[in-house]
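Visitor: Structure in C-alpha cells, see below.
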Amino acid sequence: GAGVSQSPRYKVAKRGQDVALRCDPISGHVSLFWYQQALGQGPEFLTYFQNEAQLDKSGLPSDRFFAERPEGSVSTLKIQRTQQEDSAVYLCASSYHRGDTDTQYFGPGTRLTVL
Amino acid sequence: AQSVTQLDSHVSVSEGTPVLLRCNYSSSYSPSLFWYVQHPNKGLQLLLKYTSAATLVKGINGFEAEFKKSETSFHLTKPSAHMSDAAEYFCVVSDLGGATNKLIFGTGTLLAVQP
C-alpha cells in the first residue's frame, strides 16, 4: 500500500504570507504527528492527533501555527504570517495505534523556505 | 524527561569496514528506543526498535543495536559498510508517560562511506 504522502514537497513563501501543508497518512492509521526539522537538526514534535482529536499541541511554536484533521484522515498544517524562522522541513508521520512501541511511518516532508 | 545524545555528528568509514554510531539515552522509564535513517530528499525510515524484549536488536540492511542499561547506551553497528549506507542516522526515544507517543530525536549522525 501507499505510504505517507505530503504536498507540496517544496514551498517558497514571502514573509507574511500564509501557507498550508497537507499530509495524507497511511489508510487506517489512527495516530498522526507533525514534526519540524530545522537545517542540521533532528525533527522536533509539533502536534498529535488521534483520529480527528488534537490531543497534544504543546510543540507548536506560536499561535501562528494551526493544525487540523477534521475527518480523521488527511491533516493540514497551516502557518499564518510566515516568518524567516519558520523555514524548515515539516514532516508528517502516522501510526496504527498510539502505543509506545508502534512504528511511526514518515512522509518525505515539505521543505518550506520563507524569504 | 526522556532524551538522547548522539555522540558524533559525523562519522566516515571505508566501504567494507565496520560502522559504529553512538547513542546514549536518558529516561525515567524503561525506554522504547529507535534508530531511523534519512537519505537525502527521502523520508525517515525505521531501521530497528528496542521495546524491552531482547537487548540485541536486529534491523534492516544488516544493522543491529544493543541496549545496555548499565551504560544507558543504544549504539548502532553494522559489520561491513556499503556505499548505500551513506545517510543521516537518528537515535530516537519514545516519550513515555504522557498522552502522546511523540518521538524525541537526537541531533543526528551523518555517515559518509568512502570507496
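Visitor: Determine the residues within the stretch A:73-115 where the difference in accessible area between the chain on its own and the full set of protein chains amounts to at least 50 Å²; count protein heavy atoms only and use a 1.4 Å probe.
Guide: A:ARG98, A:ASP100, A:THR101, A:THR103, A:GLN104, A:PHE106
Visitor: In whole Hz, with x marking every Gly and Pro, tabulate ³J(HN,Hα) for the stretch A:81-96 from phi via Karplus 6.51 cos²θ - 1.76 cosθ + 1.60, θ = phi - 60°.
Guide: So the Karplus estimates, Gly and Pro as x, are 6, 4, 10, 4, 5, 7, 4, 4, 9, 9, 10, 10, 9, 9, 9, 5 Hz.
Visitor: Using each residue's phi in the stretch A:55-61, evaluate 6.51 cos²θ - 1.76 cosθ + 1.60 at θ = phi - 60° and report the 3J(HN,Hα) Karplus result to the nearest Hz, with x for Gly and Pro.
Guide: Ordered by residue, 3J(HN,Hα) equals 8, 8, 10, 5, x, 5, x Hz.
Visitor: Using a Gaussian network model of chain A with C-alpha springs under 10 Å, which one of A:GLY59, A:GLY72, A:GLY42 is most mobile by mean-square fluctuation?
Guide: A:GLY42
Visitor: Treating the beta-carbon of each Lys and Arg as +1 and of each Asp and Glu as -1, no other charges, what is the dipole magnitude of the protein assembly as shown about its Cα centre, to the nearest 20 debye?
Guide: 360
Visitor: Averaged across A:39-48, how many Cβ atoms of other chains sit within 10 Å of each residue's Cβ atom?
Guide: So the per-residue partner count for this stretch is 5.
Visitor: Further, regarding this structure: Once you have the alpha carbon radius of gyration of chain B, what is it after dividing by 2.2 N^0.38 Å, with N set to its residue count?
Guide: Relative to the 2.2 N^0.38 Å estimate, chain B comes out at 1.02.
Visitor: Under the definition of Cα pairs under 8 Å and six or more residues apart, what whole-number percent is the relative contact order of chain B?
Guide: 37
Visitor: Using the heavy atoms of the protein chains alone and a 1.4 angstrom probe, what is the accessible area of the protein assembly as shown per residue in square angstrom?
Guide: I get 47 Å² per residue for the protein assembly as shown.
Visitor: A further question on this structure: Just add up the charged neighbours of B:SER9: K/R +1, D/E -1, any other residue whose Cβ is under 13 Å from the Cβ of B:SER9.
Guide: -1
Visitor: With +1 on the Cβ of every Lys and Arg and -1 on the Cβ of every Asp and Glu, and nothing else charged, how large is the dipole of the stretch A:5-114 about its Cα centre, in debye rounded to the nearest 20?
Guide: 500
Visitor: Can you tell which of A:LEU21, A:LEU91, A:LEU39 shows the greatest fluctuation in a Gaussian network model of chain A with Cα springs below 10 Å?
Guide: Of A:LEU21, A:LEU91, A:LEU39, the most mobile in the Gaussian network model is A:LEU39.
Visitor: Ignoring any ligand, DNA or RNA, what whole percent of the accessible area of the stretch A:23-115 comes from carbon and sulfur when the probe is 1.4 angstrom?
Guide: 46
Visitor: Continuing with this model, one more query. Taking all pairs of different Cα atoms in the stretch A:5-114, averaging 1/r and flipping that mean, what Kirkwood radius in angstroms comes out?
Guide: By the Kirkwood definition, the hydrodynamic radius is 13.8 Å.
Visitor: Which value, in debye to the nearest 20, gives the size of the charge dipole of chain B about its Cα centre, when Lys and Arg are +1 and Asp and Glu are -1 at the Cβ?
Guide: That gives chain B a dipole magnitude of about 220 debye.
Visitor: A further question follows. Just checking the output field for B:101-112: average partner chain Cβ neighbours within 10 Å of each residue's Cβ?
Guide: For peptide B:101-112, the averaged partner shielding equals 5.
Visitor: Sticking with this structure for a sec: Specify which residue in the list A:GLN17, A:HIS29, A:THR47 is farthest towards the positive end of the charge dipole of chain A, using unit charges on the beta carbon of Lys, Arg (+1) and Asp, Glu (-1), about the Cα centre.
Guide: Value: A:GLN17.
Visitor: A follow-up question, please. Mind grabbing the interface size between A and B? I mean buried accessible area, both sides, 1.4 Å probe, in Å² to the nearest hundred.
Guide: Protein heavy atoms only, the A-B interface buries about 1800 Å².
Visitor: Moving on to the next point. Compare B:PHE74, B:PHE63, B:PHE90 in a GNM of chain B, Cα atoms joined below 10 Å, and give the one with the largest fluctuation.
Guide: In this elastic network of chain B, the residue with the biggest mean-square fluctuation among B:PHE74, B:PHE63, B:PHE90 is B:PHE63.
Visitor: Let me ask something else. Show the residues, 5+ positions off or on another chain, whose built amide H is closer than 5 Å to the amide H of B:THR107.
Guide: B:GLN6
The values are calculated or read from the model by the stated rules, or taken from the named source; none is laboratory data. As the structure is a computational prediction, the values presented were derived from the model and not from experiment. When we count neighbours, we look across all protein chains shown, and the Cβ atoms used for this are built from the backbone with ideal geometry, even at glycine. The protein model used for the area step is the full one, side chains on, heavy atoms only, and it has no ligands, DNA or RNA in it. Shrake-Rupley method; radii C 1.70, N 1.55, O 1.52, S 1.80 Å.
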